[in-house]
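This report concerns only the one structure given below.
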Amino acid sequence: MIRLENIDTYYGTSHVIQGLSLHVEAGAAVSILGRNGVGKTTTLRSIMGLTPPKAGKVFINGLPVRGWPPHRIAGLGVAYVPAERHIFPDLTVEENLKLAEARSDQPGAWTLERVYEYFPVLGERRRSGGTKLSGGEQQMLAIGRALMGNPSIMLLDEPSQGLSPILVAKVAQIVSELCKEHGITLLLVEQNFRIALAMAGRHYLMGTKSKIQGEVSSAEIIKDQELIKRTLAV
Amino acid sequence: MGWIATTVDIILNSLVLGGIFLIMGVGLNIIYGLNRVMNLAHGALYALGAYFGYTLVAVGANYFLALLLAPIVVGAVGLIIERVLISPMRKRHMIYTLILTYGLMFVIDGLIKLFWGQETRFIQLPEFMQHTVSVGPASYPVFRLVILIGIAAVVTALMLLLGRTRLGINMRAASSIPEMVSACGINVRRVQISAFVLGCILAGTAGMLAGPLFTVFALMGHDILISSFVVVVIGGLGSLRGAVLAALLVGFVQTLAEFFVTEMAMVMVYMLMALVLVFKPLGILGEGKFE
Ligand SMILES: Nc1ncnc2c1ncn2[C@@H]1O[C@H](COP(=O)(O)OP(=O)(O)OP(=O)(O)O)[C@@H](O)[C@H]1O
Ligand SMILES: [Mg+2]
């Protein structure tokens with residue numbers, strides 16, 4: 001469960017997130033749709049504690065976490081997959097995964113073997129440098145790395161970025177199934193509303209300075225294709 | 001001495017000198033790579049390692065025991081330096097820690113003179129290390145061979161630490177994307193502190209290995225600091241492999257120059273640096289990723 005109440009986030013003096021509130025129920029898949037530069041990435045960074053909000057409240061599974069360092073927020077089971085992937089260049093594929101390993105004894109905990117079962121290509125290239133992989137493989141590695149932390153919440157930033165349409169569809173399908181199967185709460189950021197429709201059931205439409213212009217369900221978008229365009233003027 | 005013997009002698013001396021540079025240069029790079037701190041007190045910590053070792057031997061410890069213990073004490077000093085001086089400056093520009101560690105160098109130099117005085121000290125070596133052995137046609141001092149083995153052991157241990165351990169993985173990751181390391185659930189500050197302490201331990205180890213080579217004196221860290229910087233610059237700032245290559249190269253050039261043109265030895269080293277920088281402004285393996 002994620003709940004943001006009236007948060008304000010800055011880069012230096014630039015006030016990027018202004019009084020943003022949103023919530024994602026446990027087990028749900030929700031997206032944030034919006035144009036370039038409205039603050040979608042910064043919203044995820046605010047939740048993760050990477051750019052901590054200066055005011056407002058951030059709740060993860062009911063715990064107030066504003067001001068917590070990122071590693072403690074990750075420790076609550078929050079995983080972050082940035083749009084740039086941020087694969088560690090000096091680490092092999094396997095080391096990239098191992099780094100994030102939460103090493104839990106609980107049944108169903110993610111292990112290297114289980115990630116390789118899901119993404120066989122990562123197993124085949126386990127000894128390659130992480131950034132030697134293709135864009136699609138790096139996206140899978142970034143998702144696999146997120147899974148190694150046994151997340152209950154996944155923050156996924158523009159999975160479609162830099163991937164071919166076929167790959168995008170594949171990644172979207174894998175992530176959706178994963179989240180459903182393992183009860184992972186998904187907060188997705190996208191510019192491509194088709195991907196968002198495929199992956200999430202509810203969508204926040206974000207305008208400039210992170211102002212929420214509307215909140216729609218996938219069904220509503222499918223019924224009225226112009227809805228997003230009208231609201232966001234994309 | 002025949003030319004073969006001379007060649008063997010020069011090669012072994014180059015490896016010893018290059019090895020000391022290597023341990024220093026890699027230490028500087030590890031500290032810089034994870035903390036963005038150019039540690040100007042690195043030479044002073046090297047001297048501190050040698051003096052701690054000297055005292056340990058003077059009160060009855062064996063050289064090898066001192067070689068293990070002295071760097072740990074330097075590491076503890078490094079931890080205090082990190083907590084008290086470096087940590088509060090973390091969010092500031094690099095220039096702050098540059099000036100702080102520059103001042104720290106003089107403080108440590110002063111403390112060394114205060115506690116150990118001005119005169120040169122000699123680390124008492126075990127009996128067997130005071131002889132020479134024949135290496136092919138050359139006869140070579142045993143203690144230099146032992147130091148060479150010590151250097152190899154340190155390099156091996158470091159490779160295992162960085163290559164095989166969780167801390168090593170975390171350090172390599174945090175040298176490029178520290179933020180992502182913390183998003184993966186790791187306390188990246190702790191990794192950065194560990195890297196600082198590791199660098200200091202390496203400086204202390206280098207000092208303790210170099211003590212018997214160059215004797216122990218208060219300003220022994222000054223020349224080595226300059227040479228280590230040359231190594232870091234030639235190898236490429238932040239590149240560990242670059243530092244290894246550069247250290248061996250500088251060790252070789254300096255040893256060769258000392259043999260043929262003694263007074264010009266350091267000049268030759270600077271000329272080497274200038275030459276490398278003309279063709280490779282970021283150093284041999286520098287990627288400029290830390291600028
Ligand atoms: N590190 C930074 N320093 C200063 N300003 C920044 C920084 N990162 C982003 N910004 C600014 O903050 C605003 C929000 O950026 P953010 O990356 O959150 O937008 P976004 O919605 O994710 O955009 P995109 O679709 O391009 O990824 C933008 O105006 C951007 O220029
Ligand atoms: Mg973005």
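The values are calculated or read from the model by the stated rules, or taken from the named source; none is laboratory data. Bear in mind the structure is a predicted one, so any value in this text is a computation, not a measurement. No Cβ is skipped: glycine too gets one built from the backbone with ideal geometry, and neighbour counts run over all protein chains shown. Surface accessibility is based on the protein's heavy atoms, side chains included, excluding ligands, DNA and RNA. Shrake-Rupley method; radii C 1.70, N 1.55, O 1.52, S 1.80 Å.
Kindly evaluate A:GLY162 against the criterion of being within 16 Å of ligand 2 (Cβ to nearest atom), more than 14 Å from chain B (Cβ to nearest Cβ) and open to solvent by 30 Å² or more (accessible area, probe 1.4 Å). So A:GLY162 fits the description; yes.
Give me the residue from the range A:176-222 that is free of Cβ contacts under 8 Å to residues at least 60 places away in the same chain and of a type in the set (Gly, Ala, Ser) and, out of that set, farthest from ligand 2 (Cβ to nearest atom). Among them, the one singled out is A:ALA219. Checking the range A:64-78 against the condition returns no match, with no residue being under 28 Å from A:ALA198 (Cβ atoms), under 20 Å from the mean Cα position of the chain (by Cα), within 16 Å of ligand 1 (Cβ to nearest atom) and open to solvent by 10 Å² or more (accessible area, probe 1.4 Å). Kindly indicate the residue of the range A:28-63 that is within 16 Å of ligand 1 (Cβ to nearest atom) and basic (Lys, Arg) and also nearest to B:GLU179 (Cα to Cα) among those meeting that condition. Across the range A:28-63, the extreme among qualifying residues is A:ARG45.
Here's the yes/no breakdown for (1) surrounded by fewer than 24 Cβ atoms within 10 Å (Cβ to Cβ); (2) touching a Ser or Thr at 6+ places or on another chain (Cβ under 8 Å); (3) assigned to a helix (DSSP H, G or I):
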| residue | (1), (2), (3) |
| --- | --- |
| B:VAL233 | yes, no, yes |
| B:LEU237 | yes, no, no |
| B:ALA247 | no, no, yes |
| B:GLU258 | yes, no, yes |
| B:MET273 | yes, no, yes |
| B:LEU282 | yes, no, no |
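Among the residues of the range B:182-207, which ones are open to solvent by less than 20 Å² (accessible area, probe 1.4 Å), polar (S, T, N, Q) and more than 20 Å from B:LEU28 (Cβ to Cβ)? Hit for the range B:182-207 is B:SER182, nothing else.
Taking the listed residues B:THR165, B:THR97, B:THR156, the one that is of a type in the set (Val, Ile, Thr) and within 14 Å of another protein chain (Cβ to nearest Cβ) is B:THR165, with no other qualifying. Of all the residues in the range A:1-36, those that are open to solvent by 70 Å² or more (accessible area, probe 1.4 Å), more than 19 Å from A:LYS57 (Cα to Cα) and not charged (D, E, K, R) number 2. Of the helices (runs of 4 or more DSSP H) that lie entirely inside the range A:37-125, those containing 1 or more residues that are facing chain B (nearest Cβ under 10 Å) and touching a Phe, Trp or Tyr at 6+ places or on another chain (Cβ under 9 Å) span A:40-48, A:70-75, A:93-99. Checked against the criteria, A:GLU25 counts as away from ligand 1 (no atom under 16 Å from the Cβ), under 22 Å from A:LEU147 (Cα atoms) and among the acidic types (Asp, Glu). Residues in the range B:172-198 that are within 16 Å of A:GLY129 (Cα to Cα) and either more than 10 Å from chain A (Cβ to nearest Cβ) or not β-branched (Val, Ile, Thr) (or both): B:ARG172, B:ALA173, B:ALA174, B:SER175, B:SER176. The single condition among (1) within 16 Å of ligand 1 (Cβ to nearest atom); (2) more than 14 Å from every other protein chain (Cβ to nearest Cβ); (3) of a type outside the set (Val, Ile, Thr); (4) within 12 Å of the chain's Cα centre (by Cα) that A:LEU186 does not meet is (1).
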